[in-house]
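A.B. asks: The following block contains the structure, expressed as structure tokens.
The values are calculated or read from the model by the stated rules, or taken from the named source; none is laboratory data. Just so we're clear, the structure is a prediction, and the values are computed from it rather than from any experiment. For neighbour counting, all protein chains shown are included, and Cβ atoms are generated from backbone atoms with ideal geometry for every residue, glycine included.
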Amino acid sequence: MKLTLPDLYRIRWSIALSVFLALLGVAIATVTYRQAQQARQALRLAEAQNNEAGALLAKLRAEEKIVPQKLARYRELLAKGIIGEENRLDWIEQIRSIAAARKLSGVSYELSPRQRLDSAALAGGEDGYEFMSSRMSLRLNLLHEGELLDFFADLRRSLKAQVMVRECKVERLPRTDGGHGITAQLKAECAVDLITLREKDIQP
């Protein structure tokens, strides 16, 4: 069937309606596609936010368990006098007292200036604080090696610092003839770090 111009004129409204409906269908499909895209993006964003919130919640719960442990550790260090400024006079008095109580001879020591210590040298760390160390060069005479172990055990119990023995060199003393009584047999030279915690400086 061949349409003539008069026929097209008569059905012009039908053609216009068909074109309009076709365009409307394309528009509806486009809007639907965009809405679907937006919905998928919104879903992905919601999932990401949900995962982030879950991770944050897990972190907070973990920190809730750590805080009491850190508080207990802080109180323990505070009670031992490890946190704060050094008390070198007390250290000297304790060393003299231990040496006298154990009847050790030839005890001498020298304390170096306090300096920052790399926290990697110790296990763990304390938030807001930094490790400080004063190196002590210690020399003393001994009857036997056990006296050196006992001396350091007393130091760890009495000093308001963490005692870390870096090295010890023990040598036999030359024998003396004609001496009376029990004399020292060994000489020990040790390098010892007396470690404390100092509050970190807050940078503006």
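A.B. asks: Spot the failing condition for Val19; the list is (1) at pLDDT 70 or above; (2) under 30 Å from Phe131 (Cβ atoms); (3) of a type in the set (Val, Ile, Thr), and only one is missed.
C.D. replies: Of everything listed in (1) at pLDDT 70 or above; (2) under 30 Å from Phe131 (Cβ atoms); (3) of a type in the set (Val, Ile, Thr), Val19 misses just condition (2).
A.B. asks: Could you figure out which of (1) in contact with a Ser or Thr (Cβ under 8 Å, 6 or more places away or on another chain); (2) at pLDDT 90 or above; (3) not basic (Lys, Arg) isn't true of Glu130?
C.D. replies: Result: Glu130 passes all but (2).
A.B. asks: Show the residue pairs that are 6+ apart or on different chains and have beta-carbon atoms under 7 Å apart, the first residue being within the range 79-95 and under 16 Å from Ser133 (Cα atoms), the second being part of a helix (DSSP H, G or I).
C.D. replies: Ile83/Leu77
A.B. asks: While we're here: Can you name the residue in the range 75-125 that is among the hydroxyl-bearing types (Ser, Thr, Tyr) and assigned to a strand (DSSP E or B) and is also modelled with the lowest pLDDT among such residues?
C.D. replies: Applying the filter and picking the extreme gives Ser105.
A.B. asks: Give all pairs with beta carbons closer than 6 Å in which a residue from the range 110-124 that is under 14 Å from Leu197 (Cα atoms) meets a residue that is polar (S, T, N, Q) and modelled with pLDDT of 85 or more; count only pairs at least 6 apart in sequence or on separate chains.
C.D. replies: Listed by first residue and then by second, the contacts come to Arg114/Ser134; Leu117/Ser133.
A.B. asks: For Ala48, all conditions in the list (1) more than 24 Å from Leu197 (Cβ to Cβ); (2) modelled with pLDDT under 85; (3) crowded, with 16+ Cβ neighbours inside 10 Å hold save one; what is the number of the exception?
C.D. replies: Failed condition: (3).
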